[in-house]
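Participant: What follows is a structure written as structure tokens; I'll ask about it next.
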Amino acid sequence: MRDRLYRVEAIVLKRSDFGEADRLLTLYTPDLGKLRAIAKGARKPSSRKSGHVELFTHSALLIAKGRHLDIVTQADTLDAFLPLRENLERLGFAYYLAELVDQFIEEAAENSPVFDLLLHSLQWLGEDATAPALLARFFELRLMQYVGYRPQLFSCVHCGAPLEPVDNYFSADAGGVIDQKCVETQREKVAEHARDLQPISLNALKAMRYLQTREWVSVRALRLNAETHTEVETLMQRYIAHHLERNLKSVEFLRELRASVSAGRQA
Ligand SMILES: [Zn+2]
């Protein structure tokens, strides 16, 4: 049979028990997107594969095409992100990043910028100088951009005018910021496509713009006060929940999501 075997590099997004001694892996690859494969015998203590298919591990894999599920036949660790594993808080953030990617990316949808973002973020998470919560906010904004949900933070989503440096409004439903003028003068029109309108402070808007447009090497030096950080975190959580909910209209995706959430709880 031709092309029965293929090589990929992958990050293990999720793993769950399968059968007696196997693991079902959800892998994220730069060229093939998200895929699933079985690591046979990976739960046996004697398995040579198990260490190379741990959660979040970046590995080089040789995979055999199967009739139903593909099978990992060879695995070699490229990066185990060891510094990350020594710190429970950072490990918790790694779960969060992997879960976000798993939920926003559908199977076999190639998206190499997301792969690079995840790979680099796992490396940065292990560095002492990294504030994990700040990295999570950076990751959220970048991920939204790479999956086509970039929030509009520079002009009003309703009228298109550049935003004034004042407090404005934010709506996940509308896809970004709406200025005071539109909210005050066209409240009914605005309400049609911005059912979740909420205030956004100038500080939070500036922080989100910075996170959206700068590279991590600049962002990492950012020192947000707790109040601003919490505001950005809350806005982004609502934004993410809004877009996941919209995707949940697809029944298939709903099932995937439930499976990933329950596997996440078990892990
Ligand atoms: Zn406007």
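The values are calculated or read from the model by the stated rules, or taken from the named source; none is laboratory data. Since this is a predicted model, take the numbers as computed values, not measurements. Cβ atoms come from the backbone with ideal geometry, glycine included; neighbour counts cover every protein chain shown.
Participant: Determine whether GLU9 is at pLDDT 95 or above and among the acidic types (Asp, Glu).
Facilitator: yes
Participant: Does the stretch 156-185 hold any residues that are within 11 Å of the ligand (Cβ to nearest atom) and β-branched (Val, Ile, Thr), and which are they?
Facilitator: Scanning the stretch 156-185 gives VAL157, VAL177, ILE178, VAL183, THR185.
Participant: In the list GLU188, GLU140, GLU192, which residue meets the criterion of being surrounded by 18 or more Cβ atoms within 10 Å (Cβ to Cβ), of a type in the set (Asp, Glu) and either closer than 30 Å to ARG220 by Cβ or more than 9 Å from the ligand (Cβ to nearest atom) (or both)? Before the answer, list the steps.
Facilitator: Values: GLU188 fails: surrounded by 18 or more Cβ atoms within 10 Å (Cβ to Cβ); GLU192 fails: surrounded by 18 or more Cβ atoms within 10 Å (Cβ to Cβ).
On inspection, the qualifying residue turns out to be GLU140.
Participant: So TYR210 fits all but one of (1) closer than 23 Å to SER155 by Cα; (2) touching a residue at least 40 places away in the same chain (Cβ under 8 Å); what number is the exception?
Facilitator: So the condition that TYR210 fails would be (2).
Participant: Let me ask something else about it. For SER218, state whether it is surrounded by 15 or more Cβ atoms within 10 Å (Cβ to Cβ) and of a type outside the set (Lys, Arg).
Facilitator: So SER218 fails the test.
Participant: Taking the conditions exactly as written (within 17 Å of MET144 (Cα to Cα) and of a type in the set (A, V, I, L, M)), does LEU88 satisfy them or not?
Facilitator: no
Conditions tested, residue by residue: (1) touching a residue at least 24 places away in the same chain (Cβ under 8 Å); (2) of a type in the set (S, T, N, Q).
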position	(1), (2)
LYS40	yes, no
SER59	yes, yes
ARG67	no, no
PHE93	yes, no
LEU100	yes, no
ASP116	yes, no
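Participant: Yes or no: LEU27 modelled with pLDDT of 90 or more, over 28 Å from the mean Cα position of the chain (by Cα) and of a type outside the set (D, E, K, R)? If you could, list the steps in order and put the result at the bottom.
Facilitator: Values: modelled with pLDDT of 90 or more: yes; over 28 Å from the mean Cα position of the chain (by Cα): no; of a type outside the set (D, E, K, R): yes.
Spelling it out, it is not the case that LEU27 is modelled with pLDDT of 90 or more, over 28 Å from the mean Cα position of the chain (by Cα) and of a type outside the set (D, E, K, R).
Participant: Mind checking which pairs have a first residue in the stretch 216-233 that is polar (S, T, N, Q) and a second that is at pLDDT 95 or above, Cβ under 9 Å, 6 or more apart or different chains?
Facilitator: SER218/TYR210; ASN225/ASN203; THR228/SER201; THR228/ASN203; THR228/ALA204; THR228/LYS206; THR228/ALA207
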